[in-house]
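Report on one structure; see the data block that follows.
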Amino acid sequence: MDIMEASEREQLLRIYAETRTIAVVGASADESKAAHQVPRYLQSQGYRILPVNPRGGELFGEPVFSSLAEIDVPVDVVEVFRPAQEAPEIARQAIAIGAKVLWLQMGIVSEEARRVAEAAGLVVVMNRCMGATHELLGLGPGPRAPIDSH
């Protein structure tokens, strides 16, 4: 299991407690991908998911936005399922829409994105799965658990 400092644990718990809406950059319709499984799981835990993908369409019962700039409702967290080299620009877009947190999924690390986002007052989480962390903190069953689709 993942080990985390008490201060990091508190920060992560606060993020989940204060989050209502998550914009997912790189959300996928492919059910075999983490970019589908994790947001679907988070939606099952009560979070509103706003998928962002240039392909458009509908996903998780929500319209798919082609960019963060298209979103016209408050966003708490921008969760990123894109390559690290795209993260600094996504950080700038997250700032522009007033997001509070930039969350780079497992395997995504960008010190430039961190600097950009933190300079604007955003909290940054890198190289950590938002679904698995939710489970690790004891907040839910995790993204690999069966999801009741009502």
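No lab work stands behind these numbers, since they all come straight from the coordinates. Since the model is a prediction, treat every value here as computed from it, not as a measurement. In this analysis, Cβ positions are derived from the backbone assuming ideal geometry, glycine residues included, and neighbour counts consider all displayed protein chains.
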(request) Take each uninterrupted DSSP H stretch in the chain, measure its Cα extent along the helix axis, and return the ones at 24 Å or beyond whose mean Kyte-Doolittle hydropathy is at least -1.0. (result) none
(message) Run the numbers for ASP72 and LYS33: contour at 0.36 nm per residue of separation, minus the present Cα-Cα distance, in nm.
(response) 11.4 nm
(request) Could you tell me what fraction of 2.2 N^0.38 Å the Cα radius of gyration of the range 6-136 comes to, as a two-decimal ratio? (result) 0.94
(message) At a threshold of 8 angstrom on Cα-Cα distance, excluding pairs fewer than six apart, so keeping six or more, what relative contact order does the chain reach in percent?
(response) 21
(request) Express as a percent, rounded to the nearest 5, the fraction of DSSP beta bridges in the range 6-136 (both residues included) that run antiparallel. (result) 10
(request) Would you calculate, for the chain, the mean residue ellipticity at 222 nm contributed by helices, counting each DSSP H stretch of 4 or more residues as -39,500 (n - 2.57) and dividing by all residues, to the nearest 500? (result) -10000 deg cm²/dmol
(message) I want to check the label-to-label distance for MET106 and GLN85. Put each point 7 Å from Cα in the C-beta direction and report it in nm to one decimal.
(response) 2.4
